[in-house]
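The values are calculated or read from the model by the stated rules, or taken from the named source; none is laboratory data. Not measured: the values here are computed from a predicted model. Glycine gets a Cβ as well: all are built from the backbone with ideal geometry, and neighbour counts include every protein chain shown. Side chains included, ligands, DNA and RNA excluded: accessible areas come from the protein's heavy atoms. Shrake-Rupley method; radii C 1.70, N 1.55, O 1.52, S 1.80 Å.
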Amino acid sequence: MYPLSPGNPDINQIDREQNCSVPEIHPAIHVVAVSRIDRWQIHNRLQELMIPCWCPNDGSLRVQIRDSIDAVLLRSVVQQFVASRQEMVNWLERCWDVG
């Protein structure tokens, strides 16, 4: 869905390589409640973003959040799969209002 190529690194990789001053939080493992259908697609996207995650046999998705960028990216990826079209439109409109 989001191919990565050497000429087009993702934003997470760029921020980590440039040592941007990102507020660090203690790494934590979060269990993300998503359907079994969506969890593998979410898992694969998080792997592309270099966010450690795994799908144990119990059907859950577990994600290691190391910093605030990981938290924002996790929220964004999950929203792409679970939010309705109207929720996404409302979110985008709020972003435009803030900017």
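Quick look at the values:
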quantity: Residue count for the stretch 27-62, restricted to those that are assigned to a loop (DSSP other than H, G, I, E, B) and at pLDDT below 95; calculated: 9
quantity: Pairs where the first residue, in the stretch 36-50, is under 12 Å from residue 80 (Cα atoms) and the second is modelled with pLDDT under 95 and open to solvent by 90 Å² or more (accessible area, probe 1.4 Å), C-beta under 8 Å, 6+ apart; calculated: 41/1; 45/1
quantity: Scan of the stretch 74-84 for residues that are exposed (fewer than 13 other Cβ atoms within 10 Å of the Cβ) and within 19 Å of residue 48 (Cα to Cα), ordered by number; calculated: 75, 76, 79
quantity: Filter result (assigned to a strand (DSSP E or B) and either closer than 14 Å to residue 77 by Cβ or modelled with pLDDT under 50 (or both)) within the stretch 1-26; calculated: 5, 8
quantity: Qualifying residue in the stretch 85-97 (condition: open to solvent by less than 60 Å² (accessible area, probe 1.4 Å) and under 12 Å from the mean Cα position of the chain (by Cα)); calculated: no
quantity: Residue check for residue 71: surrounded by 11 or more Cβ atoms within 10 Å (Cβ to Cβ) and outside any helix (DSSP H, G or I); calculated: no
quantity: Residue count, the stretch 68-99 (criterion: closer than 20 Å to residue 29 by Cβ, without any contact (Cβ under 8 Å) to a residue 40 or more places away in the chain and among the charged types (D, E, K, R)); calculated: 1
